[in-house]
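The values are calculated or read from the model by the stated rules, or taken from the named source; none is laboratory data. The shown structure was predicted, so the numbers you read here are calculated from the model rather than taken from an experiment. Every residue, glycine among them, receives a Cβ derived from its backbone with ideal geometry; neighbour counts consider all protein chains shown. Side chains included, ligands, DNA and RNA excluded: accessible areas come from the protein's heavy atoms. Shrake-Rupley method; radii C 1.70, N 1.55, O 1.52, S 1.80 Å.
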Amino acid sequence: MLVTLAGVVPDVDGLGAFAEILTRNSERPLDWWSRYHHVLCHNVGFGLVVALVACFFASRRLVTGGLALLSFHLHLAGDVAGARGPDGYQWPIPYFLPFSDIWQITWSGQWALNGWPNFLITALLLGLALYWAWRRGFSAVELVSGKADEVLVSALRERFGTPAGFAPGSAEREG
Ligand SMILES: [Zn+2]
């Protein structure tokens with residue numbers, strides 16, 4: 001759960017969008033989204049904080065902290081690769097903040113946030129996640145609800161059969 005959270009937490013700096021939308025017609029509009037999104041939490045300083053927090057809450061501290069740091073960087077890589085805005089803005093990543101703002105990472109090949117590569121990658125990864133759920137008997141759904149996870153796995157196994165040599169009890173039922 002900590003590693004998963006580390007992979008999505010950078011986008012909390014986008015929550016200023018609510019304040020920006022709500023105040024845009026007021027006398028003193030807030031520009032928290034335009035100013036802070038991809039700045040506050042998309043940098044190595046925040047990544048280190050995330051890894052330390054993951055270490056603190058984990059029982060296997062080093063592994064969890066390391067994987068949290070990796071997951072955090074996967075988020076940044078995803079943003080650089082395929083998160084161009086509808087207006088063409090690339091949302092550069094000020095990676096070395098808060099230590100230095102000299103390096104703003106962008107990539108000339110970046111595709112749009114709603115571009116086809118993102119749909120393709122999502123479909124492939126969902127397929128892989130469902131395959132693993134079928135094969136191993138549990139999925140990421142267990143992070144939210146163990147019961148819902150059981151329902152998902154049993155639905156997959158009813159539809160596609162029980163993986164060979166994996167769960168003898170279920171295999172018996174199938175045979
Ligand atoms: Zn992001």
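A few comments on the model shown:
- Residues of the stretch 126-142 that turn out to be at pLDDT below 95 and surrounded by fewer than 12 Cβ atoms within 10 Å (Cβ to Cβ), as a count: 0
- Selection of the stretch 26-58 for residues being more than 17 Å from residue 94 (Cβ to Cβ) and at pLDDT 95 or above yields 51, 52, 53, 54, 55, 56, 57, 58.
- Scanning the stretch 146-175 for residues that are in a helix (DSSP H, G or I), surrounded by fewer than 16 Cβ atoms within 10 Å (Cβ to Cβ) and modelled with pLDDT under 65 yields 168, 169, 171, 172, 173, 174.
- Pairs where the first residue, in the stretch 74-92, is touching a residue at least 40 places away in the same chain (Cβ under 8 Å) and within 11 Å of the ligand (Cβ to nearest atom) and the second is acidic (Asp, Glu) and part of a helix (DSSP H, G or I), C-beta under 7 Å, 6+ apart: 91/79
- Residue in the stretch 14-31 that is within 12 Å of the ligand (Cβ to nearest atom), open to solvent by less than 30 Å² (accessible area, probe 1.4 Å) and in contact (Cβ under 8 Å) with a residue 12 or more places away in the chain present: yes
- Which listed residue, of 3, 63, 8, is under 27 Å from residue 129 (Cβ atoms), in a helix (DSSP H, G or I), open to solvent by less than 70 Å² (accessible area, probe 1.4 Å) and among the aliphatic types (A, V, I, L, M): 3
- Within the stretch 32-56, the set of residues being part of a helix (DSSP H, G or I) and within 16 Å of the ligand (Cβ to nearest atom) comprises 32, 33, 34, 35, 36, 44, 45, 46, 47, 49, 50.
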